[in-house]
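Reading through the structure tokens given below for one structure.
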Amino acid sequence: MLSQLTVAILNGIVWGLIMALIALGLNMIFGLLHIINMAHGALYMLGAVVAWYLIEYIGSFWIALIVAPLLVGFIGLVIERGLIRTIEDKPITTIICTFGIMLVIQHLVLIVFGGSPRRISPPIAYRLPIFDLQYPSIRIVIALISIAMMIGLWLFLRKTKYGLWMRAVVQDREMAVGLGIPVNKVYMWTFVLGSALAAFSGILAAPIVSVEFMMGREVLIMAFIIVIVGGMGNLEGSVLAAIMISLIQGVGALFVPPSIATVFALAFMIIVLLLRPQGLFGE
Amino acid sequence: METKKTKKKVRGVLNREVSRRDFIKTTALGAAGLGVSSWLTVPFTYGAEPPIKIGMFNEYTVFATEYGYWLGKVGRTAIAKLNAEGGIAGRKVELVDYDTKCKPDWGAAMFKKMVLEDKVDFIMGSIHSGIHKACFPLAMEYKVPFFSGGAMTYEFTGKDAIPYYIRCHSHAKSQAIAGWKFGFDNLGKKWTFLVADYAWGHSLAREFGSRVRAAGGKTQEIMAPPATADFIPYLQKVDPDTQVLFTAFLGSAALGVLRQTVEIGLHKRLQRYTVICCTEGIGQEVVGKESIGAYYIEYHPRHLDQVPKELHPYEIAYRKACGVDADGKEVGNPKVTIAGSHMFSMWIYPYMIKLGIEQTGWKDKRKNADLIKAICSLNLKPGPWCPLGGGLLMREEDHQGFSDFYISRVEPDLKLKVLQRIPKEKVIYEPEVDLRKAQY
């Protein structure tokens, strides 16, 4: 039982960190642009698909981990400049627009990549012995990369000029414009960063799950739940909410059927929303 | 009467005067030429009976697309071959083709569209049991024969059977009858079923589990959502004394469960057993070396060298027509693997329809009942249109077909090697219904 509990906690934290990274990109775009990006799951999937192609041709997971988010970030740039920018003040229209983008990306991948799932082999095959069970060490490495990425993002937002601009725009857009902050540029780079984060998470998750054109669908729903529970626009809240939900699911699955444990996680969301409609850490 | 003005015009164009005799001669020659050329290029003469229309729908987008791709491709190839061979009873066969989007409501809407707008005579396709269930009332209402592409719910030719539904392939119950004994005798007596939490997974766990328990074995059931990505919470719950882990998931979840079983080291203390449905259309190289040693129940071997030798002439021609190589990959696209245990249904159905029409003199839907009875009495020997081991035996009572099964294991070279062939005679069970008495 002790081994099962250890693995359940470890696995809950690992999944929580991956989910947190996905939710961070989604929450960042919402916090700044007030856009509910329905294409976020598709960008997550696109990251994994681009990485799969890169690994096929280059052979290195680590190079793909750097290059694929840049490529998807560029696609995010095209989407923001070409589509989102013209409708950014119309929330309903942006939902429909990003939903359309999601469908376009999914079906283009279906045509080019095909419908069958593909595999990205874990770059580290070592399995960590935990009592009588084993735990794939790649998951721990992925968790550590996620933590590093989050710390990097925190430093970017707190210690750089661009981060300062972004926080300023979130607090008061008009004042930011008045003080000469290039708000449009800030919007653009936020969307690009959010897209690249989605892609980055997709590549990190790919050695655990399989790469396929619909892989973003389930993830998107969970990412929205995390953002809502953590508080819309609150990045730290997203991280904590992701870990809490994953732990409820993982540890709960030891005592009840795992499907019921998922129900517990959703019930937790409902209770949070009843008590704090703004989310756990929202203002 | 010809006027001076028009005569001038004709002369102006042709630079000579055209007499009535010339006109008739030229027109007759032209008509004859047109007729001969039509006869030479089109196998179906003008003025012949209208074409026979077959509707096809498959999972081309959203989910289970690896099935849809191959079922669609094979269906289109079979119709083209049928037309090249002269159609059915001198009539051309037309195919209309739609996407089910893997959604029962959409699938049912397409079924209706094919019947009411495209005026199809027969419908075939789809592997989605929910879609089939949604189309049952429509098949009955419009009296349209509906041929299953690959839906595996046993009850469709069991207690829920309808006279307009025909299935030439296996289902959860026949798979269990074919495969449980091999697993019980060779892999172990204590089984854990880790299956998708919906009808298909439940019925596999029920059908295999009841037989294992009846033989004195022990079973455990764990249900997981069909789209599960992380199986570690589920795999942790596998009883420590489990000897056989039977899994049933589709698509990426199927890959996930096979790989993650190895990742946490469970494969060292148990045997993995599953049905080929889980990795149809997915090459074992995609699953990876983690799949080595896993046992599968196949309904038609993926690799040509594993197909029984006596079937090779038909199998080679079938593969060539459908663009499949000896390794079970698409010709020119080795990353695409066949759905070999399912797609044969779309190859055989057009031929079954042809035989049924020829036997009954079917002209239109008024003779559908006779046609269905004829089709469901067929006993096809292996041949160009039936490359299946043991041929295909259709049963009139429940409209269920039977052919041979194969137990395979993933070898170190990632090939599915057939270990045992289960003849169809060993799989035939007592029919639960008798559709011979049904009202059409």
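Worth a mention:
- Complete set of residues in segment A:211-233 that are within 14 Å of chain B (Cβ to nearest Cβ) and among the aromatic types (Phe, Trp, Tyr): A:Phe213
- The condition of being modelled with pLDDT of 95 or more, assigned to a strand (DSSP E or B) and exposed (fewer than 15 other Cβ atoms within 10 Å of the Cβ) holds for only one of B:Leu393, B:Leu419, that being B:Leu419.
- Selected residue (criterion: surrounded by the fewest Cβ atoms within 10 Å (Cβ to Cβ)) from residues of segment A:196-210 that are of a type in the set (A, V, I, L, M) and more than 8 Å from every other protein chain (Cβ to nearest Cβ): A:Ala196
- Hits in segment B:58-73 (condition: touching a residue at least 60 places away in the same chain (Cβ under 8 Å) and among the aromatic types (Phe, Trp, Tyr)): B:Phe63, B:Tyr67, B:Tyr69, B:Trp70
- Count of residues meeting criterion [over 28 Å from B:Phe231 (Cα atoms) and without any contact (Cβ under 8 Å) to a residue 40 or more places away in the chain] in segment A:232-275: 2
- Taken over segment A:184-207, residues that are more than 18 Å from A:Gly76 (Cβ to Cβ) and assigned to a helix (DSSP H, G or I) amount to 1.
- Residues in segment A:5-32 that are buried (at least 24 other Cβ atoms within 10 Å of the Cβ) and more than 28 Å from A:Gly250 (Cα to Cα): A:Ile29 only.
- Within segment A:243-262, restricting attention to residues that are under 20 Å from A:Ile147 (Cα atoms) and of a type outside the set (A, V, I, L, M, F, W, C), the residue that is nearest to the other protein chains (Cβ to nearest Cβ) is A:Gly250.
- B:Asp364 vs. criteria of a type outside the set (Lys, Arg), more than 14 Å from chain A (Cβ to nearest Cβ) and out of contact with any Ser or Thr (no Cβ under 9 Å at 6 or more places or on another chain): yes
Okay, residues lined up against (1) hydroxyl-bearing (Ser, Thr, Tyr); (2) within 14 Å of chain B (Cβ to nearest Cβ); (3) surrounded by fewer than 19 Cβ atoms within 10 Å (Cβ to Cβ):
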position: A:Leu103; (1), (2), (3): no, yes, yes
position: A:Ser116; (1), (2), (3): yes, yes, no
position: A:Ile120; (1), (2), (3): no, yes, no
position: A:Asp132; (1), (2), (3): no, yes, yes
position: A:Ala143; (1), (2), (3): no, yes, no
position: A:Leu155; (1), (2), (3): no, no, yes
position: A:Arg167; (1), (2), (3): no, no, yes
position: A:Met175; (1), (2), (3): no, no, yes
position: A:Asn184; (1), (2), (3): no, no, yes
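- Only a single criterion out of (1) more than 10 Å from chain B (Cβ to nearest Cβ); (2) in contact (Cβ under 8 Å) with a residue 24 or more places away in the chain; (3) not in a helix (DSSP H, G or I) is not satisfied by A:Ile124, namely (2).
- Just one of the numbered conditions (1) in a loop (DSSP other than H, G, I, E, B); (2) within 28 Å of B:Cys322 (Cα to Cα) is not true of B:Glu432: (2).
- Some residue of segment A:70-79 being surrounded by 15 or more Cβ atoms within 10 Å (Cβ to Cβ) and either part of a loop (DSSP other than H, G, I, E, B) or of a type in the set (Lys, Arg) (or both): no
The values are calculated or read from the model by the stated rules, or taken from the named source; none is laboratory data. Predicted, not measured: the structure shown is a model, and the values here were computed from it. Please note: Cβ atoms are built from the backbone with ideal geometry, for glycine as well, and neighbour counts cover all protein chains shown.
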